[in-house]
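The values are calculated or read from the model by the stated rules, or taken from the named source; none is laboratory data. All figures in this text were calculated on a predicted structure; none of them were measured in a lab. Using ideal geometry, Cβ is built from the backbone for each residue, glycine included, and neighbour counts are taken over all protein chains shown. The protein model used for the area step is the full one, side chains on, heavy atoms only, and it has no ligands, DNA or RNA in it. Shrake-Rupley method; radii C 1.70, N 1.55, O 1.52, S 1.80 Å.
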Amino acid sequence: MTFLLLLVLPVYGQTLQVPDAQQFVGNPQGTPLAGDQLYRRTGEVSALLRCPVCQGLSVADSPSEMAVNMKRQVRELLARGYTEEQILRYFELSYGQFVLLKPKFEGVNALVWVFPVAALLIGVLIVFTKIRKLSTDNRQPTTDNPVDNPDDEYLRRVRDMVGGGKA
Amino acid sequence: MNRTVVIVGSLIAFALVGVLFIGLGKNPAEIRSPLVGRPAPAFALREVGTGRTIDIAQFRGKPVIINFWATWCGPCWEEHPTLVANARQLGDNVQFVGVVFQDAEEKIQGFLNQRGTAYPTLVDQEGKTAIAYGVGGVPETYFLDRNGVIRAKYVGPMDSEILRANLTKATN
């Protein structure tokens with residue numbers, strides 16, 4: 001059934017067909033865009049897609065032919081009324097989550113979101129515990145301080161030597 | 001506190017080493033495409049040389065090997081003899097199809113005239129077929145079973161052994 005849902009391009013009097021988003025994500029669920037709004041949204045949605053042949057560049061930023069083709073396709077899909085979610089889903093179904101510059105909060109990818117927050121919270125907890133322990137130690141009574149312990153043999157000998165032991 | 005730090009540190013270190021081992025154990029060329037297990041995106045494209053339209057659906061009933069390539073790609077030159085030789089050996093049992101990736105038709109035609117071919121090479125329209133198949137570079141090869149379902153994807157140049165191993169996934 002999905003094979004029937006194709007974009008048809010007449011060339012040289014013959015019918016050519018290229019794979020279309022419709023066979024991946026169904027009919028458009030938004031409003032067809034045009035003019036400045038189409039231009040702006042093309043840039044915004046393209047910025048959410050990773051250029052597959054570049055090093056860390058978005059489709060919006062890359063000058064490569066691949067990115068230009070992908071951006072052209074984003075524009076076409078927005079003009080046909082596809083929503084941002086549908087367009088991102090279409091590319092994800094072809095390339096996997098790799099193509100999304102903002103990973104989804106699901107599966108192993110959730111670690112990307114959870115781990116930094118968890119690491120920050122653990123760090124804050126450690127620092128807080130450490131500070132609390134230090135301040136508690138500082139408030140402890142000084143009876144355990146060996147300097148003030150009258151029974152300390154070493155201190156007694158030192159005091160005797162300096163003549164302060166019997167004073 | 002020190003014991004806690006050692007335990008937590010060890011757990012993190014073990015987890016990282018585990019991830020590293022899992023990653024090293026995988027062949028980066030055997031990409032787990034989200035399309036594997038799904039019907040191959042349909043297309044009907046113009047053949048280089050003849051100009052006739054070839055619909056991928058017309059090959060339903062036998063395994064199909066779709067190879068995305070270009071003349072500017074060195075590994076594609078390296079791989080080309082393997083594809084041609086296997087296409088000749090396998091004959092009508094398996095259909096090979098080449099799809100041009102970001103290249104000029106006249107360059108493709110010149111390459112094929114010079115080095116020969118044994119299967120149709122098709123011109124992509126604005127890279128839409130490559131995008132639908134999730135092609136990120138060339139060569140990339142997809143193995144379809146006789147029902148048109150993608151069973152394997154291989155990234156990089158193939159030798160006969162790799163080609164036959166992936167083809168087995170599409171014929172089982």
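Numerical summary
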{"item": "Selected from B:L24, B:L16, B:L83 as most flexible by GNM, with chain B as the system and alpha-carbon contacts under 10 Å", "result": "B:L16"}
{"item": "Distribution of pairwise C-alpha distances over the stretch B:57-139, 10 Å bins, in %", "result": "17, 52, 30, 1"}
{"item": "Highest average packing first - A:112-124, A:77-89, Cβ atoms within 10 Å", "result": "A:77-89, A:112-124"}
{"item": "Shielding by partners, peptide B:51-58 (average Cβ within 10 angstrom, other chains)", "result": "3"}
{"item": "Magnitude of the charge dipole, the protein assembly as shown, Cβ model with Lys/Arg +1 and Asp/Glu -1, debye to 20", "result": "560"}
{"item": "Kirkwood Rh and Cα Rg combined as Rg/Rh, chain B", "result": "1.14"}
{"item": "Range of Cα positions in the protein assembly as shown per principal axis (Å), largest first", "result": "118, 52, 34"}
{"item": "Å² per residue, accessible surface of the protein assembly as shown at 1.4 Å", "result": "57"}
{"item": "Positive-end extreme of charge dipole, chain B - chosen from B:T121, B:N67, B:V94 (charges on Cβ)", "result": "B:V94"}
{"item": "Mean Cβ neighbour count within 10 Å, used as a protection proxy, ranking A:22-29, B:61-68 highest first", "result": "B:61-68, A:22-29"}
{"item": "Listed peptides B:43-55, A:99-111 by packing density, highest first (mean Cβ within 10 Å)", "result": "B:43-55, A:99-111"}
{"item": "Chain B: most fluctuating residue of B:N86, B:N113, B:N147 per GNM, C-alpha cutoff 10 Å", "result": "B:N113"}
{"item": "Backbone HN-Hα couplings from phi across the stretch A:30-44 [Karplus 6.51/-1.76/1.60, Hz, Gly and Pro as x]", "result": "x, 9, x, 9, 8, x, 4, 5, 5, 4, 5, 5, 4, x, 5"}
{"item": "Centre separation in Å (Cα based) which lies between the stretch B:122-146 and the stretch A:64-82", "result": "17"}
{"item": "For chain B, share of DSSP beta bridges that run antiparallel, in % to the nearest 5", "result": "65"}
{"item": "Entries in B:K107/B:K153; A:K102/A:K130; A:K104/B:K128; A:K104/B:K62; A:K71/B:K62; A:K71/A:K104 that, when Cα-Cα distance is taken, lie over 32 Å", "result": "A:K102/A:K130; A:K104/B:K62; A:K71/B:K62"}
{"item": "Amide hydrogen neighbours beyond the local backbone of B:A152, cut-off 5 Å, H modeled", "result": "B:F143"}
{"item": "Among A:Y95, A:G107, A:F128 - extreme Cα towards positive end, dipole of the stretch A:87-140, charges at beta-carbon", "result": "A:F128"}
{"item": "Modelled FRET efficiency - R0 56 Å, A:L121 with B:T50, Cβ distances, 0.05 increments", "result": "0.30"}
{"item": "Among B:G137, B:G23, B:G116: highest mean-square fluctuation, GNM of chain B, C-alpha pairs under 10 Å", "result": "B:G23"}
{"item": "Mean shadow area of the stretch A:26-93 over all directions, Cα convex hull, nm²", "result": "4.2"}
{"item": "Charge dipole (the protein assembly as shown, unit charges on Cβ, about Cα centre) - positive-most of B:Y154, B:L20, A:G35", "result": "B:L20"}
{"item": "Partner chain coverage, peptide B:40-48 - average Cβ within 10 angstrom", "result": "5"}
{"item": "Helix-only mean residue ellipticity at 222 nm for chain B, each DSSP H run of n ≥ 4 adding -39500 (n - 2.57), per residue, nearest 500", "result": "-12500 deg cm²/dmol"}
{"item": "Bridge type composition, the protein assembly as shown - antiparallel percent by DSSP, nearest 5", "result": "75"}
